[in-house]
Ligand code: HEM
């Protein structure tokens, strides 16, 4: 598979990730118990694993490493961890509706930051464009 094809697959998994997250948050902000569909519980993990694996493959191909020679990749990996942690507060761990809504908005903002860091190749994200 060509580098460009894998990059486009990676981008597609990123868009599926935020779409599935927003769908789950829409259900879970009023009440996490509303996510009662098995597919909606499993699919995001499969998708996000593929997103990460293809990201690692791309990084290896271009000889760049987070916490090494690539500040924008470091920013993406830290952003990804935050996106996952804040995302679980939004759809599961948040105790009140307000907490889950706040975490949902924060997770979407973190995703936008990661996307900007990917496009601009800078930890400044969209501000660097
Ligand atoms: C939510 C998480 C992620 C999102 C939203 C995301 C988004 C993107 C986007 C939009 C691009 C294409 C940028 C462009 O050239 O226009 C991209 C490329 C790339 N991503 Fe990710 N990514 C994520 C996670 C990761 C992770 C965890 C890694 C590495 C461990 C990674 C490594 C890469 C690499 C190496 C490229 C190729 C850059 C290039 O050839 O121009 N990504 N990513």
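The values are calculated or read from the model by the stated rules, or taken from the named source; none is laboratory data. No experiment lies behind these values; they were computed from the predicted model shown. Positions of Cβ are generated from backbone atoms using ideal geometry, with glycine treated the same way; all protein chains shown enter the neighbour counts.
Quick notes on this structure:
- Residue within segment 38-51 that is over 19 Å from residue 123 (Cα atoms), within 10 Å of the ligand (Cβ to nearest atom) and either within 13 Å of the chain's Cα centre (by Cα) or touching a residue at least 40 places away in the same chain (Cβ under 8 Å) (or both) present: yes
- For residue 23, the test of being within 10 Å of the ligand (Cβ to nearest atom) and either over 25 Å from residue 123 (Cα atoms) or at pLDDT 95 or above (or both) is failed.
- Test for residue 127: is it touching a residue at least 60 places away in the same chain (Cβ under 8 Å) and over 16 Å from the mean Cα position of the chain (by Cα): no
- Set side by side, the residues 85, 60, 46 differ, and just one is within 15 Å of residue 25 (Cβ to Cβ), at pLDDT 95 or above and surrounded by fewer than 16 Cβ atoms within 10 Å (Cβ to Cβ), which is 85.
- Test: residue in segment 67-76 that is closer than 16 Å to residue 20 by Cα and under 10 Å from the mean Cα position of the chain (by Cα): no
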